[in-house]
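The values are calculated or read from the model by the stated rules, or taken from the named source; none is laboratory data. Fair warning: this is a prediction, and the values are worked out from it, not measured in the lab. All Cβ positions, even for glycine, are placed from backbone atoms using ideal geometry, and neighbour counts span all protein chains on display.
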Amino acid sequence: MTPPPTDVAQRATAGRIFLALLRRDIRVARRELPYFLLRTTLQPLLFIVVFGLLLPRMGFVGESYKAALLPGVIAVSLAFSSVQSVALPMVADFGWTREIEDRLLAPISIELIALEKIVSGVIQGLIAALFVLPLARLIMGPIVGLTVAHFALVIVVTLLGATAFSMLGLLMGALVNPQQIGLMFSVVVAPMIFFGCAYYPWQNLSIFPAMKYAVLLNPLVYVSEGMRGVLTPAMPHMDLRAVSGALIVIIAIFWTLGMRSFTKRAMG
Amino acid sequence: MPHVILRAPAEPPAAALHSPGAIYIPPVPIAAIRTEQLRKVYTMSVAKTARGAPGIPIEMSRGAPERPGGEVVALDSLDLQIESGEFFGLLGPNGAGKTTTIGICTTRVIPTSGTAVIEGADVRMQPTLVRQRIGVVPQRPNPDSSLNVRENLVFHAAYFGIARAVATARATALLDKLGILEKAEAKVNQLSGGQQQRLMIARALIHQPGVIFLDEPTVGLDPQARIDLWTILRELHAQGRTIVMTTHYMEEADQLCERVAIVDQGRLLAIDTPAALKARAPGGTMIDLVLDSGDESVAAAVRAIPGVSSATLRGDTLRAYSDRGGEVIAALLAAAAAHEREVRDIHLAPPSLETLFISLTGRQLT
């Protein structure tokens, strides 16, 4: 064994440590990629098969519905792969394995450790969305009005959405006990998906005004509407400035609450 | 009493060597660890959710005094000074505050009040600096199960900013030294408990810290793995590292530590070398006679036996302290027989940290 150091030679910068933490998450994610994609994208893809392929062919829904569905399905994939990538390992870590201890001992602030989890969640959200987009297009066939002309805006909405839901993952991961994780997904996540304007544009909720304004509390609404605004702008959609503003506020709230819970759990 | 400092003396600064006539003044030795009036109070709601959760002090749910208002005092005004290079033991039962003390010193628990300074860095003000200087071996091995054995070490080194080539070389050397090199590519859940514990030690050493904290490192290990771990710890100590270990095994503290602090219910009861502590154990050898039923007249007769310094009856058990070791046993048996009491069991404990602990707290350690 090496003798003790006379001085700590490694005055590592926080940035370097941050990248090492990220490299660890990416290595683990790469190993689990097939399971990850199966877990996070199977449900949206099944939805596309039924509502984007079968029902239009059967004549129950119009062809134009595909253009409303596609951005929503991308939003769901992005949001829930982000939230799961952050929350699921964290629930296990804080619940029983305590494996995150080795990272909590890193000489870096606890905020940066949490932020690294967010960045890792955003990356995994992007991967899921990029995986679903071409498959959805393949299954549904030509989609009227689908465009990638607003590429920069696509990036902005995608990053904001993935960040918001990674932050939600931080909050859930630090708050939820392992025993409650199943309940969490059926009671919180499922309603969020169905009332997240993923499968219909928000404007069309005017038929139920009370619901139209109640769903504004659902963060997924802004991701779905934002995706519509940048991918199928001909569809009714919220103003992109409102979408961005709302997502920034949501990010700020989830970060504050998530960081508070994360610190509490991490510091015993 | 001065303890042996095995750490190599600090090298004189380069400036002192090169300026003629300059007198080299060695730096004032700073304590490796110093705590002042350290106190930790948990509120009951935390204690409830934390009950039995690994990594969170178990003691708050058992043993520690509960105050009205739902607060549990895990640690109460703890003052400790541990010198550089010292092998220091924190000895006490569950609920004594050992894990809380380690938690605070390793920046993982925020003290309610008081200070803890590790190699000059304050745990509250400079936690990242503290973390650079310490290695931690947890109560229960918690390797990163998504990574293999070698990756656990190389990534942990990376979390300290150590370059991959250096980390890989160190990891190989440590795994070799700890006898688990053949498991380098194995998944961590393929390791035995003892091997996982060694991996934890390797992980605590990979960034070459000066201070190592071990929280009950031998709990759950089989006897051979325990002996092996002792050998490893002795070697780390011989290299000059400061080692702080908690244990509730008296024997372990006695065998390994240069100094031992006995803590109970968040308070420091005694602190000294194991030999000095043992010398403080009352009345020499402790002898417990378990009778068929308690009988005060036997106790009175026993007190009269030459060599017995004291005898007390608690239930069916008569506890006597003997200045002459086991020599008095025949007389004890005769005293019981004379009062027509049957002796069901005899337990004899030579002066030890255990007998001292019992005399300090009135309770068994385990």
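List of remarks:
Here's the yes/no breakdown for (1) under 24 Å from residue A:133 (Cα atoms); (2) modelled with pLDDT under 95:
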{"position": "A:158", "(1), (2)": "yes, no"}
{"position": "A:161", "(1), (2)": "yes, no"}
{"position": "A:166", "(1), (2)": "yes, no"}
{"position": "A:171", "(1), (2)": "no, no"}
{"position": "A:191", "(1), (2)": "yes, yes"}
{"position": "A:201", "(1), (2)": "yes, no"}
{"position": "A:243", "(1), (2)": "yes, no"}
{"position": "A:246", "(1), (2)": "no, no"}
{"position": "A:252", "(1), (2)": "no, no"}
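- 3 or more residues surrounded by fewer than 19 Cβ atoms within 10 Å (Cβ to Cβ): qualifying strands (runs of 3 or more DSSP E) within the range B:287-366: B:308-314, B:343-349
- Count of the range B:112-137 residues, restricted to those that are more than 26 Å from residue B:192 (Cβ to Cβ), within 11 Å of chain A (Cβ to nearest Cβ) and not acidic (Asp, Glu), is 10.
- Single residue of B:317, B:285, B:361 found to be of a type in the set (S, T, N, Q), within 35 Å of the chain's Cα centre (by Cα) and at pLDDT 85 or above: B:317
- Among the numbered conditions (1) within 14 Å of another protein chain (Cβ to nearest Cβ); (2) within 23 Å of residue B:353 (Cα to Cα); (3) in a strand (DSSP E or B), the only one that residue B:212 does not meet is (2).
- Answer residue from the range A:178-187, given it is surrounded by 15 or more Cβ atoms within 10 Å (Cβ to Cβ) and of a type in the set (A, V, I, L, M) and is nearest to residue A:67 (Cα to Cα) among those: A:184
- Against the criterion of being buried (at least 20 other Cβ atoms within 10 Å of the Cβ), under 26 Å from residue B:91 (Cβ atoms) and either of a type in the set (D, E, K, R) or touching an Asp or Glu at 6+ places or on another chain (Cβ under 9 Å) (or both), residue B:193 does not qualify.
- The range B:227-283, residues that are in contact with a His (Cβ under 7 Å, 6 or more places away or on another chain) and not basic (Lys, Arg): B:243, B:258
- Complete set of residues in the range B:138-153 that are more than 8 Å from chain A (Cβ to nearest Cβ) and crowded, with 24+ Cβ neighbours inside 10 Å: B:149, B:153
- Of all residues in the range B:251-268, those satisfying the criterion of being within 8 Å of residue B:353 (Cβ to Cβ) and among the hydrophobic types (A, V, I, L, M, F, W, C) are B:253, B:260, B:262.
- Verdict on residue B:32 being modelled with pLDDT under 80 and out of contact with any Lys or Arg (no Cβ under 8 Å at 6 or more places or on another chain): no
- Of the residues B:174, B:181, the single one that is within 14 Å of chain A (Cβ to nearest Cβ) and within 30 Å of residue A:109 (Cβ to Cβ) is B:174.
- Within the range B:204-234, tally of residues that are more than 18 Å from residue B:246 (Cβ to Cβ) and modelled with pLDDT of 90 or more: 6
- Any chance residue A:141 is touching a helix residue (DSSP H, G or I) at 6+ places or on another chain (Cβ under 7 Å), away from chain B (no Cβ under 14 Å) and more than 28 Å from residue B:155 (Cα to Cα): no
Condition check ((1) assigned to a helix (DSSP H, G or I); (2) surrounded by fewer than 19 Cβ atoms within 10 Å (Cβ to Cβ)) across all residues:
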| site | (1), (2) |
| --- | --- |
| A:199 | no, yes |
| A:211 | yes, yes |
| A:216 | yes, yes |
| A:221 | yes, no |
| A:257 | yes, yes |
| A:264 | yes, yes |
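- Single residue of B:92, B:103 found to be under 26 Å from the mean Cα position of the chain (by Cα), farther than 23 Å from residue B:190 by Cα and at the interface with chain A (Cβ under 8 Å from one of its Cβ atoms): B:103
- Residues of the range B:244-263 that turn out to be aliphatic (A, V, I, L, M), under 23 Å from residue B:208 (Cα atoms) and crowded, with 24+ Cβ neighbours inside 10 Å, as a count: 2
- Within the range A:88-105, residues that are under 14 Å from residue B:152 (Cα atoms) sit with their Cβ atoms under 8 Å from residues that are among the hydroxyl-bearing types (Ser, Thr, Tyr), at 6+ positions apart or across chains, in these pairs: A:99/B:145; A:99/B:146; A:102/B:159; A:103/B:159; A:105/B:106; A:105/B:159.
- Scanning the range B:101-153 for residues that are of a type outside the set (A, V, I, L, M) and in contact with a Pro (Cβ under 6 Å, 6 or more places away or on another chain) yields B:107, B:128, B:131, B:132, B:133, B:135, B:140, B:152.
- Answer residue from the range B:226-279, given it is outside any strand (DSSP E or B), away from chain A (no Cβ under 14 Å) and β-branched (Val, Ile, Thr) and is nearest to residue B:179 (Cα to Cα) among those: B:227
- Top-ranked residue in the range A:37-54 [being touching a Phe, Trp or Tyr at 6+ places or on another chain (Cβ under 8 Å) and of a type in the set (A, V, I, L, M, F, W, C); ranked as nearest to residue A:165 (Cα to Cα)]: A:37
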